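Peer 1: I have a structure here, written as structure tokens, and I will follow up with some questions on it.
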Amino acid sequence: MEFLKDLFEFMKERKKWWLAPVILVLLLLGVLIVIGGGSAVAPFIYTLF
Amino acid sequence: MKILGISAFYHDSAAALVVDGNILAAAQEERFTRKKHDATFPSHAIAYCLQYGGYSLNELDAIVFYDKPLLKFERILESYYAFAPKGLRSFLLSMPVWIKEKLFLKRILRVELGKLGYDSKSDIKVLFPEHHLSHAASAFYPSPFAKAAVLTVDGVGEWATASICLGEGEGLTVLKELHYPHSLGLLYSAFTYFLGFKVNSGEYKLMGLAPYGQPDSEEVKRFEEIILTELIDLKPDGSLWLNQKYFDYATGLKMVNEARWEGLFGFKLRRPEDPLERQHCNLGLAIQQVTEEAVIRMSKEAQRLSGAENLCLAGGVALNCVSNGKLQKTGIFNQIFIQPAAGDAGGALGAALAAEHIYFSQPRKIKPGRDSMQGAYLGPCFSDLEVKLMSKKYKAVFQYFSHLPELTASVAQLLARGQVIGWVQGRMEFGPRALGCRSILGDPRNTEMQKKLNLKIKYRESFRPFAPSVLAEDVGLFFEYEGDSPYMLLVHPFKENRRMALPANYTDLDLREKLYYQRSDLPSITHVDFSARIQTVHQETNPRYYELLQAFKELTGYGVLVNTSFNVRGEPIVCSPEDAYRCFMRTEMDYLVIGDFLFDKRDQPQWKEKDHWQQEFVLD
């Protein structure tokens, strides 16, 4: 819940409501990853991600 | 106010503790875990900071993380959106990390801090300043300036890749920013990658390679022109536009589009252990010169926007000491202060200081003429008892000196005889440089010292230069520079009268041939272009090291030593007496000094540990 509150405040502050559906879909995917126990190893060589 | 700063999860995790505006302790996690550039949550570094300060986590007023994860996520999503459908593979690979971990940073912080005794129901503030604000705060607040321009330049934070701020009193105001994907730090890293060095750790090797290039040669000029016309558009204010056609970092898993770069520069991407040829050196010199020009233009813009007389620098690019030296020479600013932990580790300190002065509006305590970094000696120190216990464990044989002058006189004599000494004393340095508390020392007059240190002690590439530590008051005797450089972040040339004559075709010689020529009366610290990365040693901040330099001066007439970090290639700098003894026994170092204890290699029992550093540490 705290995350959703932070996210709401962030989008309000940045006026980036279009991010909401993208993040929600990603979070749903995230649930699948967590259930599937998939790896979350950082793939890249620099701090971009 | 008691504030803990944390940087983590990208590279160089670290923690810093600030109490009532004073920097009590700061350390990088890699020193404890022995994994170079360790990015994991800095539990050990936090535990050390709290122990040093005598506080528990629940006594703190705030815990501050050095960047804003949601803002970073916004940048990542918008970047993928902008480049789509390109970058799908990279997107699919990176998203799980975010969805599973990084988006829920607050929860992760709480869990990790909980393991250290943090009560999540306490009313301690948890704050997230922006990445570049953390860098800017790390440079401005410890500086001796009441007002200054602050320039931060690195790879990327959230959106910003460089920023210009005005620091005045307790305030830090952002005046201008450069945004991703256009980045001077990423440009330099792209060349680091193309020239066969590791991104994020090999940039300083590229900086050391550049002087082997042929200045004013046709090839260097051609490379510079290609960079400035094809790869980037460098604007008068120092901002730059990177032509994404040639770069891969925004959508792929590499820094550059290799085929296009090979077509542009006319040679293949160098693999890590391939020989270094002339074109590599010349390309290194070209990008170094472009970087210097960009930093100078950014600084002029910072001066114009802020109207300040002094400058503070931070961010990974501020570790480019050649560019720092050139910037200082321009005279754009009266004085320059560079945060010694200019990379992401320093973000932990900056985050804590930003909370202290911006969020809690606490007044600064400025000491005119002296920064508040305390020589960067902010890490752990070890007692005589701990050294004795380590000695007992390894049956190490030592000689104990109860009087410092006797120890320094003995060590000075050993150094003058060409011996290589591991020198561990006092609090460990914060930041990437060893400044005389976790150092390997040698005689700079010795013509064989550079080769010996590179090949037999550090096991690293023979082209890499070594830096001098010099008594602060003697700096002008050796170098074209009269000021302070306590953090080894400025490169300046040797005095003309100390240089030796070189053959007319010297600049045309290849890398190995250049190394054969003696370039000054201090050959092992004179780089091929007669420059040196200077550390001035001050009695107030490091009295024991200062005394050793004095003893060496009394014996030889030179208050200068070769100072390189106490580690082998790929290893973090040693922290504890045990780390130091293991490194000592696994290399061809001759003597080890830990505090008042002197270990002679010949007296030590045979090293029975089966481990070998090449298996333990990944080469950088």
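Peer 1: Restricting the count to DSSP beta bridges whose residues both fall in the protein assembly as shown, what percent are antiparallel, rounded to a multiple of 5?
Peer 2: Numbers: 56 of 78 bridges.
Restricted to the protein assembly as shown, the bridges split so that about 70 percent are antiparallel.
Peer 1: Moving to a separate point now. Taking chymotrypsin sites (Phe, Trp or Tyr not before Pro) as exposed when DSSP calls them loop (any state but H, G, I, E, B) and at most 16 other Cβ atoms lie within 10 Å, what is the longest stretch of chain B free of them, the sites themselves excluded? Mind dumping the intermediate values first?
Peer 2: On the way: sites that count: B:55, B:267, B:360, B:517, B:607.
By the stated rule (loop sites, at most 16 other Cβ atoms within 10 Å), B:56-266.
Peer 1: Let me know the charge dipole size of chain B about its Cα centre in debye, to the nearest 20, where only the beta-carbon of Lys, Arg (+1) and Asp, Glu (-1) is charged. Mind showing how you got there, number by number?
Peer 2: Values: 72 positive and 75 negative charges, 233 e Å.
Dipole about the Cα centre, nearest 20: 1120 debye.
Peer 1: Another question, if that's okay. Report the calculated FRET efficiency for residue B:174 and residue B:451 (r = Cβ-Cβ distance, R0 = 60 Å), to the nearest 0.05.
Peer 2: Values: r = 48 Å, r/R0 = 0.79.
Plugging the Cβ-Cβ distance into 1/(1 + (r/R0)^6) gives 0.80.
Peer 1: So how strong a dipole does the protein assembly as shown carry about its Cα centre when Lys and Arg Cβ are +1 and Asp and Glu Cβ are -1, to the nearest 20 debye? Kindly include the intermediate steps, with their values, before the conclusion.
Peer 2: On the way: 77 positive and 79 negative charges, 229 e Å.
Its charge dipole is roughly 1100 debye.
Peer 1: Estimate the FRET efficiency between residue A:1 and residue B:20 by the formula 1/(1 + (r/R0)^6), using the beta-carbon distance for r and 30 Å for R0, to the nearest 0.05. Numbers along the way, then the final one.
Peer 2: Numbers: r = 35 Å, r/R0 = 1.18.
Using R0 = 30 Å, I get an efficiency of 0.25.
Peer 1: Going by a ≥ b ≥ c, the root eigenvalues of the Cα gyration tensor, does the stretch B:96-170 fall in the rounded group (a/c under 1.5), the prolate group (a/b larger than b/c) or the oblate group? Before the final figure, lay out the partial values.
Peer 2: Numbers: a/c = 3.60, a/b = 1.64, b/c = 2.19.
Oblate, since a/c reaches 1.5 and b/c is not below a/b.
Peer 1: Counting other Cβ atoms within 10 Å of each Cβ, which GluC sites (Glu not before Pro) in the stretch B:481-529 have at most 11 and sit in a DSSP loop? If you can, show how the numbers build up before the last one.
Peer 2: Working: sites: B:482, B:496, B:513; in loops: B:482.
Those that pass, being in a loop and sparsely packed, are B:482.
Peer 1: Give me the Å³ per residue figure for the convex hull around the C-alpha atoms of the protein assembly as shown.
Peer 2: With only Cα atoms used, the protein assembly as shown gives 155 Å³ per residue.
Peer 1: Now, a different point. With the cut-off at 1.5 for a/c, could you classify chain B from its C-alpha gyration tensor as rounded, prolate or oblate?
Peer 2: Details: a/c = 1.44, a/b = 1.10, b/c = 1.31.
It is rounded, given that a/c, with a ≥ b ≥ c, falls under 1.5.
Peer 1: How much length is gained on full extension from residue B:260 to residue B:381, taking 0.36 nm per residue of separation minus their Cα-Cα distance?
Peer 2: Working: separation 121, 0.36 × 121 = 43.56 nm, distance 5.03 nm.
Gain on extension, residue B:260 to residue B:381, equals 38.5 nm.
Peer 1: Sticking with this structure for a sec: Round to the nearest 0.05 the FRET efficiency obtained for residue B:499 and residue B:278 when R0 = 22 Å and r is the Cβ-Cβ distance. Present the calculation step by step, with values, prior to reporting the outcome.
Peer 2: Details: r = 23 Å, r/R0 = 1.06.
With R0 = 22 Å, the Cβ-Cβ based efficiency is 0.40.
Peer 1: Continuing with this model, one more query. Taking only DSSP H segments of four or more residues, each worth -39500 (n - 2.57), what value at 222 nm results for chain B once the sum is divided by all its residues, to the nearest 500 deg cm²/dmol?
Peer 2: Numbers: 21 runs with 214 residues, N = 620.
It lands at -10000 deg cm²/dmol.
Peer 1: Hey, got the Cα dimensions of the stretch B:143-336 along the principal axes, in Å, largest first?
Peer 2: Over the stretch B:143-336, Cα extents along the principal axes are 51, 35, 28 Å.
Peer 1: Antiparallel as a % of all DSSP beta bridges within chain B, to the nearest 5?
Peer 2: Restricted to chain B, the bridges split so that about 70 percent are antiparallel.
Peer 1: Place +1 on the Cβ of every Lys and Arg and -1 on the Cβ of every Asp and Glu in chain B, take the dipole about the Cα centre, and give the residue among B:126, B:604, B:333 whose Cα lies farthest towards its positive end.
Peer 2: B:604
Peer 1: Another question, then. How about the stretch B:236-299: which GluC sites (Glu not before Pro) there lie in a loop by DSSP and see at most 11 other Cβ atoms within 10 Å?
Peer 2: Working: sites: B:258, B:262, B:273, B:277, B:292, B:293; in loops: B:273, B:277.
Filter output for the stretch B:236-299: B:273.
Peer 1: Another question, then. Indicate the gyration tensor shape class of the stretch B:240-399 (rounded, prolate or oblate), computed on the Cα atoms with a ≥ b ≥ c the square roots of the eigenvalues: a/c under 1.5 is rounded; otherwise a/b larger than b/c is prolate and the rest oblate.
Peer 2: Details: a/c = 2.14, a/b = 1.23, b/c = 1.75.
Cα axes put the stretch B:240-399 in the oblate bin.
Peer 1: Considering only DSSP beta bridges whose two residues both sit in the stretch B:384-616, what percent are antiparallel, to the nearest 5?
Peer 2: Working: 24 of 31 bridges.
The answer is about 75 percent antiparallel.
Peer 1: Using the Karplus curve 6.51 cos²θ - 1.76 cosθ + 1.60 with θ = phi - 60°, work out ³J(HN,Hα) for each residue of the stretch B:116-132 in order, rounded to whole Hz, and write x for Gly and Pro.
Peer 2: Each residue of the stretch B:116-132 in turn: 9, x, 6, 9, 5, 8, 5, 9, 5, 5, 10, 10, 9, x, 5, 3, 6 Hz.
Peer 1: Filter the trypsin sites (Lys or Arg not before Pro) in the stretch B:255-298 to those in DSSP coil with at most 16 other Cβ atoms within 10 Å of their Cβ, and list the result. Can you show the working numbers first?
Peer 2: Working: sites: B:260, B:268, B:270, B:278, B:297; in loops: B:268, B:270.
Hits after loop and neighbour filter: B:268.
Peer 1: Just want the ordering: B:548, B:385, from fewest to most Cβ atoms lying within 10 Å of their own Cβ.
Peer 2: Numbers: B:548 27, B:385 8.
Placing the least packed residue first, the sequence is B:385, B:548.
Coordinate-derived values only; no laboratory data. This one's a predicted model, so the numbers in the text were calculated from it and none came from an experiment. All Cβ positions, even for glycine, are placed from backbone atoms using ideal geometry, and neighbour counts span all protein chains on display.
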